[in-house]
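**Student:** Sharing a structure below in C-alpha cells format, with a few things to ask.
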Amino acid sequence: MTIIRYSYPAMLESSKRVSYRRQINHLTEVLMRFLVDNELLLESPYNADGSLNETFLVTNDNLTDDGNRLFREYFARWSDRLDRGGDPENITSLVKGLAKIRATPPTT
C-alpha cells in the first residue's frame with residue numbers, strides 16, 4: 001500500500017493566494033533539497049529544467065528506509081514549527097533527526 005508522506009499538489013491546491021503558494025513553493029524547495037542532498041529519495045522531484053515537479057508526491061515507495069523513518073519520526077516537528085510561523089530554511093530538526101536515524105538501527 002502506498003502512503004503519501006508529502007503532497008506538493010495538495011499543498012498548492014489548498015489556496016489560490018499568491019503569498020501562500022509562494023510560501024508552499026519555498027518550503028517544498030527546502031524539503032526536496034534536503035531529501036535529495038541526503039539521498040533519501042529514490043526518484044527526482046525535479047523537472048528536466050531543474051524546476052520542482054508540481055505533481056510530485058513523496059511516498060513510502062519513493063523514499064529510502066531512512067527517508068521513511070525521517071517522515072515517521074521527525075517530519076511532523078519541522079512541519080509543526082512551520083505552521084507556527086517558523087522559517088522553512090531552519091532544517092535543524094530534520095538534520096538532527098536524520099543523524100539519529102543513521103546512528104541507530106531501525107526498530108521493528
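The values are calculated or read from the model by the stated rules, or taken from the named source; none is laboratory data. Just so it is clear, the structure is predicted and the values come from calculations on it, not from any experiment. Cβ coordinates were reconstructed from backbone atoms using ideal geometry, including for glycine residues, and neighbour counts include every protein chain displayed. Surface accessibility is based on the protein's heavy atoms, side chains included, excluding ligands, DNA and RNA. Shrake-Rupley method; radii C 1.70, N 1.55, O 1.52, S 1.80 Å.
**Student:** What's the total number of residues in region 31-45 that are open to solvent by 30 Å² or more (accessible area, probe 1.4 Å) and not hydroxyl-bearing (Ser, Thr, Tyr)? Walk me through how you get there before you give the answer.
**Tutor:** Narrowing region 31-45 to residues open to solvent by 30 Å² or more (accessible area, probe 1.4 Å): 33, 36-39, 42-44.
When the remaining residues are screened for being not hydroxyl-bearing (Ser, Thr, Tyr), the result is 33, 36-39, 42-43.
Adding up the residues that qualify gives 7.
**Student:** Could you count how many residues in region 68-78 are out of contact with any Pro (no Cβ under 7 Å at 6 or more places or on another chain) and more than 18 Å from residue 90 (Cα to Cα)? Let's see the steps before the verdict.
**Tutor:** To start, the set of residues in region 68-78 that are out of contact with any Pro (no Cβ under 7 Å at 6 or more places or on another chain) comprises 68, 70-78.
Next, from what is left, pick out any that are more than 18 Å from residue 90 (Cα to Cα): 68, 72.
The total comes to 2.
**Student:** Looking at the structure I just gave you, is residue 53 of a type outside the set (D, E, K, R), open to solvent by 20 Å² or more (accessible area, probe 1.4 Å) and farther than 24 Å from residue 104 by Cβ? Lay out the reasoning, then the answer.
**Tutor:** On the way: of a type outside the set (D, E, K, R): yes; open to solvent by 20 Å² or more (accessible area, probe 1.4 Å): yes; farther than 24 Å from residue 104 by Cβ: yes.
When the stated conditions are applied, residue 53 passes them.
**Student:** What number of residues within region 36-57 satisfy the criterion of being touching a Gly at 6+ places or on another chain (Cβ under 8 Å) and part of a strand (DSSP E or B)?
**Tutor:** Total meeting the criteria: 1.
**Student:** Could you check residue 12 against (1) at pLDDT below 95; (2) closer than 16 Å to residue 91 by Cα; (3) hydrophobic (A, V, I, L, M, F, W, C) and say which number it fails?
**Tutor:** Just one mismatch for residue 12, condition (2).
**Student:** Where the second residue is open to solvent by less than 80 Å² (accessible area, probe 1.4 Å) and part of a helix (DSSP H, G or I) and the first is within 11 Å of residue 5 (Cα to Cα) and among the small types (Gly, Ala, Ser) and lies in region 61-86, which pairs have Cβ atoms under 7 Å and are six or more apart or on separate chains?
**Tutor:** If the second residue must be open to solvent by less than 80 Å² (accessible area, probe 1.4 Å) and part of a helix (DSSP H, G or I), the pairs left are 67/35.
**Student:** Turning to a different aspect of this structure: For residue 48, only one of the following conditions fails: (1) open to solvent by 70 Å² or more (accessible area, probe 1.4 Å); (2) among the aliphatic types (A, V, I, L, M); (3) touching a helix residue (DSSP H, G or I) at 6+ places or on another chain (Cβ under 6 Å). What is its number?
**Tutor:** With respect to (1) open to solvent by 70 Å² or more (accessible area, probe 1.4 Å); (2) among the aliphatic types (A, V, I, L, M); (3) touching a helix residue (DSSP H, G or I) at 6+ places or on another chain (Cβ under 6 Å), residue 48 is out only on (3).
**Student:** Within region 1-30, restricting attention to residues that are open to solvent by 70 Å² or more (accessible area, probe 1.4 Å) and in a helix (DSSP H, G or I), which residue is nearest to residue 99 (Cα to Cα)?
**Tutor:** Selected residue: 29.
**Student:** Another question, if that's okay. Could you tell me whether residue 99 is at pLDDT 95 or above, in a loop (DSSP other than H, G, I, E, B) and of a type in the set (A, V, I, L, M, F, W, C)? Before the answer, list the steps.
**Tutor:** On the way: at pLDDT 95 or above: yes; in a loop (DSSP other than H, G, I, E, B): no; of a type in the set (A, V, I, L, M, F, W, C): yes.
Spelling it out, it is not the case that residue 99 is at pLDDT 95 or above, in a loop (DSSP other than H, G, I, E, B) and of a type in the set (A, V, I, L, M, F, W, C).
**Student:** Right, residue 28: touching an Asp or Glu at 6+ places or on another chain (Cβ under 7 Å) and of a type in the set (S, T, N, Q) or not? It would help to see each step written out before you state the result.
**Tutor:** Details: touching an Asp or Glu at 6+ places or on another chain (Cβ under 7 Å): no; of a type in the set (S, T, N, Q): yes.
No.
**Student:** Working only within region 56-77, note down all residues that are under 18 Å from residue 14 (Cβ atoms) and surrounded by 14 or more Cβ atoms within 10 Å (Cβ to Cβ). Break it down stepwise before answering.
**Tutor:** Step one: of region 56-77, the residues under 18 Å from residue 14 (Cβ atoms) are 56-58, 75-76.
Correct list: 56, 57, 58, 75.
**Student:** Is it fair to say residue 33 is part of a strand (DSSP E or B), at pLDDT 95 or above and of a type outside the set (A, V, I, L, M)? Before you say what the answer is, go through the steps one by one.
**Tutor:** On the way: part of a strand (DSSP E or B): no; at pLDDT 95 or above: yes; of a type outside the set (A, V, I, L, M): yes.
Spelling it out, it is not the case that residue 33 is part of a strand (DSSP E or B), at pLDDT 95 or above and of a type outside the set (A, V, I, L, M).
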